[in-house]
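Accompanying notes for the structure given below.
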Amino acid sequence: MSQFFHIHPDNPQARLIKQAADRLRAGEIAVVPTDSAYALVCALENKSGVERIRQIRRLDDKHNFTLLCRDLSEISNFARITNVEFRLLKNHTPGPYTFILNASREVPRRLMHPKRRTIGIRVPQDNVLAALLAEVNEPIMSSSLILPGETLPMTDPWEIESDLGHAVDIIVDGGFRGLEPTTVVDLTGDNPSIIRQGAGDASVFEVE
C-alpha cells in the first residue's frame, strides 16, 4: 500500500516534503497535486518508474511525457527555445500550461516522442509541488492522472488512494483540485498550436 502524505496546500510542511522527495530520488513513483489536477510523477532517471506510469495509464510509446520544472532556467537545459519562445514562456509561467518544445540532448530518449524528438515542459504554480521540486533540486517526470477509459483527471486524494493505493508508492494529499488538466501548447511549428484546451486560457496564444 502507498504512504499518504497530508500536506498543507498553502504552507507545506518541510519535513513531509523532504520525505516525499527522498522517496522519489530512491526510485518510487508518486501522485502529487498540481495547479490543474493531480499527476503521476517519478524522478527523471527512474526508468522503471516511467514504465510503471505507462502501465497505470496504459500509454503507448508515442505519449509525450512532461518535465515539471522550477523555472525558466531549467527549461533551457532540456529544450531548444528561440528568443520569441522564451518571451512567450516567460509571460505564461508559472501556470496551468504544458508546452511542447524541441528537446535538447539532455532529455532521456525514453521521455521524448519517438519520432519528433519533442518534450512537454511545465512550470507549475502550486505551493506543494513547488516545494517538492525545490527539495528534489531537478525536474521530475510527470503525466496527468487520467485513468484508462476516462477523459477527466482524478481530483480527490481519498479516491486516488482507493483506486491506486496498490499501484503507487506515495500519494501527496494537497486537497481537492480542479477537473481540468493543463492546456497543451505546441511551440515546435511556425505558430503556437493548441493541442488540448484545459485549465489555462488558450486564447492568449492565438495568432491574428
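No value in this document is a laboratory result; all are computed from the given coordinates. As the structure is a computational prediction, the values presented were derived from the model and not from experiment. Note that each Cβ is placed from the backbone with ideal geometry, even for glycine, and that neighbours are counted across all protein chains shown.
Data overview
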{"read-out": "Ascending count of other beta-carbon atoms within 10 Å, so fewest first, for R116, R58, R177, R122", "value": "R58, R116, R177, R122"}
{"read-out": "Residue among S193, S36, S142 with the largest mean-square fluctuation in a Gaussian network model of the chain, springs linking Cα atoms under 10 Å", "value": "S193"}
{"read-out": "Share antiparallel - DSSP beta bridges, the stretch 3-200, percent rounded to 5", "value": "60"}
{"read-out": "The chain, relative contact order [Cα under 8 Å, separation at least 6], %", "value": "33"}
{"read-out": "Highest-MSF residue in the chain out of D173, D163, D22 [GNM, Cα springs under 10 Å]", "value": "D163"}
{"read-out": "Among E180, E85, E161: highest mean-square fluctuation, GNM of the chain, C-alpha pairs under 10 Å", "value": "E85"}
{"read-out": "Unit charges on C-beta of K, R, D, E only; dipole of the stretch 38-107, Debye", "value": "140"}
{"read-out": "Distance histogram for the chain (every C-alpha pair counted, 10 angstrom bins, percent rounded to whole numbers)", "value": "9, 38, 38, 14, 1, 0"}
{"read-out": "Cβ-based exposure ranking for F99, F176, in which fewest neighbours within 10 Å come first", "value": "F176, F99"}
{"read-out": "Positive dipole terminus of the chain, leading residue within L164, L67, S144 (C-beta point charges)", "value": "L67"}
{"read-out": "Kirkwood hydrodynamic radius (C-alpha pairs) into Stokes-Einstein, the stretch 139-206, 25 °C and 0.890 mPa s, D in µm²/s", "value": "174"}
{"read-out": "Cβ charges +1 (Lys, Arg) and -1 (Asp, Glu), total dipole of the chain, debye", "value": "840"}
